[in-house]
1. Suppose a student asked you for the relative contact order of the chain, using Cα pairs under 8 Å spaced at least 6 residues apart; what percent would you report?
2. Compute the Cα gyration tensor for the stretch 78-180, then decide on rounded, prolate or oblate, letting a ≥ b ≥ c be the square roots of its eigenvalues: rounded whenever a/c is under 1.5, prolate when a/b is larger than b/c in the other cases, and oblate in all that remain.
3. Can you bin the stretch 299-379 into rounded, prolate or oblate? Criterion: square roots of the alpha carbon gyration tensor eigenvalues sorted a ≥ b ≥ c, rounded for a/c under 1.5, prolate for a/b above b/c, oblate for the rest.
4. Roughly speaking, what is the stretch gain from Leu181 to Val301, that is 0.36 nm per residue apart minus the C-alpha to C-alpha distance, in nm to one decimal?
5. Select from Ser314, Ser68, Ser157 the residue whose mean-square fluctuation is largest in a Gaussian network model of the chain (Cα-Cα springs shorter than 10 Å).
6. Work through the residues other than Gly370 whose Cβ is under 15 Å from its Cβ and net out their charges, Lys, Arg +1 and Asp, Glu -1.
7. Indicate, rounded to the nearest 5 percent, the antiparallel portion of the DSSP beta bridges found entirely in the chain.
8. At 222 nm, what value in deg cm²/dmol follows for the chain if DSSP H runs of at least 4 each add -39500 (n - 2.57) and the sum is divided by all its residues, to the nearest 500?
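Since every read-out is calculated from the coordinates, none of them should be taken as a lab result. The shown structure was predicted, so the numbers you read here are calculated from the model rather than taken from an experiment. Here the Cβ positions follow ideal geometry from the backbone for every residue, glycine too, while neighbour counts run over all protein chains shown.
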Amino acid sequence: MASGLAEELRFGFGENWADYVEQHFSEEKIEQSLAHLLDFLKRSDLRGLSFLDIGCGSGLHSLAAHKSGADPIFSFDYDENSVATTRKLCETVGRPESWVVEQGSVLDEAYMGQLPKADLVYSWGVLHHTGDMWKAVRNALIPVKPGGLFYIALYASEMYVDPPASHWIKIKKQYNQASNLKKRQMEWGYALHHTIIPELRSLRNPLKAMNAYRPRGMTYWTDVRDWLGGWPMEFAGLWETAEYVKRERGLDLVNVNTGEACTEFLFCDLEQSEDWRKIVAERELTPLEGPFKRGTGQSWVAELSELADQSDSSQTPQRSRLMLYEDGVPLGFWHALHDHIRVAGGGRFSHWGGRMLFSTTDNSDPNSNGRTYAYCTDY
């Protein structure tokens, strides 16, 4: 595993997850986790699939997979506390023989090689915290069955513009070196800057937003501590990751979601996956009509008034399912902050209030760069 400063400052993920399960675990959390999982996989359940959970953390997602019919399930984590917490959740469903929980490291190639092959290999927000991210990604691919699915979530560097990724590396080191009092101050400082002030500016109740925080069944403060404390830490480019997995294992990127703190990736071999071959083929692309109006900075504007009821808004910032394509390739960076589109461009876009605010991949003029732009309304 990681050594030196990374190991010395390693964040206690297991302690954070143990506290989460002790204080916040409920059937509602399972349902929220499962709904997110199935939505991204475009499935109604996981029946007929074997499930491998790399870095199982709280065990919540393994439990959700179990309740959705996945069988068998294999969960492992490097952190002993995470293993213990996952076993605790396993016990809530009678410790089924088909659900194995153990300690292990994704950086141990021999260990990964002896694991049972799985139809769905899942690792959410883990591989970038190992101290050797690309080795972790490569090893995580080992147990993917031929024709199987590879579902990972990593911190995409493109999502961090102001402040940049380097800022957060510095913050994470400071957090792990801080006293308990200083850590609480940093947590409230983060909440103030990233939630409380923005909500008040939008004339909304920040406490309501924090209490309603439900991504993947998590809670607001659990994720804040996980984000500030998550060390060791590396960032990965969205297309850098897609190209790496394609090169290492020949898998195609078939779904991506940049709406969460992590960017989610789903890979499979389209030649061997009839389900995803059909999903990709049925994604109907509608041309984005120009000429496009010049916005500020790197941004351009297209009118989509007919889709206003499906767009993001201040009340529903993650509602839109619209994916923008450039020359037939999905850009990936949906739900982008408008300031990031204007300042950094690079293919970031936002379907907001019946309009498309977007940038091109090389920040060129979409009216004259010779490329085509289209969108899919149900990505």
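1. Numbers: 694 pairs, mean separation 53.7, N = 379.
Relative contact order, the chain: 14 percent.
2. Details: a/c = 2.23, a/b = 1.44, b/c = 1.54.
The shape class here is oblate.
3. On the way: a/c = 1.77, a/b = 1.41, b/c = 1.25.
Prolate is the answer for the stretch 299-379, as a/c is 1.5 or above and a/b outweighs b/c.
4. 38.6 nm
5. Ser314
6. Working: positive: Arg371; negative: Glu326, Asp327, Asp362, Asp365.
Local net charge: -3.
7. Numbers: 29 of 49 bridges.
So the antiparallel bridges in the chain amount to around 60 percent.
8. Numbers: 15 runs with 138 residues, N = 379.
Counting only the DSSP helices, I get -10500 deg cm²/dmol.
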